[in-house]
Amino acid sequence: MHTIIHPLKPANRSTRSPNATATTVAARKPHYDCREQGDALKVVVYVPGVDASGVEITTRGPDLTVTARKTHFVRVNWQALHLEGAQRDYQLRLRLGRGLDYEALQAEIRDGVLTLTLPKKQADTATDGHGRLEKVA
C-alpha cells in the first residue's frame with residue numbers, strides 16, 4: 001500500500017518574528033571567565049576587534065547582557081571568502097543573581113579584553129541589645 005505524505009509546517013518553528021531572530025543569529029557568544037573575589041565578582045570577556053564605543057552593557061533584574069560590536073571594514077577588492085563568520089558581533093547573556101550591585105558596575109576594555117567588576121551588595125546589619133549582630137531587613 002502506498003502512502004502519500006503531505007508536507008506540513010515544521011514542528012520546531014519559532015513564534016518569534018523574523019526580525020527578532022535576525023539579531024540573535026548575527027551575534028556569537030564570546031569566551032569569558034568569572035572570578036569571585038572577596039567583595040566583588042570579576043567577569044573577563046574576550047572580544048577581539050572591539051573598541052570602547054562598540055560595547056553596550058545592560059542589566060535587567062539578575063541578568064547581565066554584554067553586546068560588543070566590531071567595526072566592519074569593507075575592502076575595495078571585496079570577494080566572498082567566508083569572512084562573515086569571523087566578522088560577527090559578540091553577545092553574552094549571564095544570570096548572575098540578585099546579590100550584586102549592578103548600579104556600581106565598573107567596566108574597562110583594553111586590547112580586546114573587557115573587564116567588568118560588579119561589587120557585592122552589603123547586607124544591612126545592626127547590633128541587638130547584647131552586642132550580637134543581627135540582620136536588618
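The residue list 97, 85 contains one member that is outside any strand (DSSP E or B), at pLDDT 90 or above and not aliphatic (A, V, I, L, M), which is 97.
Count of segment 58-70 residues, restricted to those that are buried (at least 16 other Cβ atoms within 10 Å of the Cβ) and either under 11 Å from residue 109 (Cβ atoms) or basic (Lys, Arg) (or both), is 4. Each residue in segment 24-53 was checked for being outside any loop (DSSP other than H, G, I, E, B) and under 21 Å from residue 118 (Cβ atoms), and 14 pass. For segment 108-134, filtering for residues that are out of contact with any Ser or Thr (no Cβ under 7 Å at 6 or more places or on another chain), modelled with pLDDT of 90 or more and not in a loop (DSSP other than H, G, I, E, B) leaves 10.
Among the residues of segment 96-119, the one identified as more than 24 Å from residue 50 (Cβ to Cβ) and buried (at least 16 other Cβ atoms within 10 Å of the Cβ) is 119.
The values are calculated or read from the model by the stated rules, or taken from the named source; none is laboratory data. For clarity, every value in this text was computed on a predicted model and none was experimentally measured. Every residue, glycine as well, gets a Cβ built from its backbone with ideal geometry; the counts of neighbours run over all protein chains shown.
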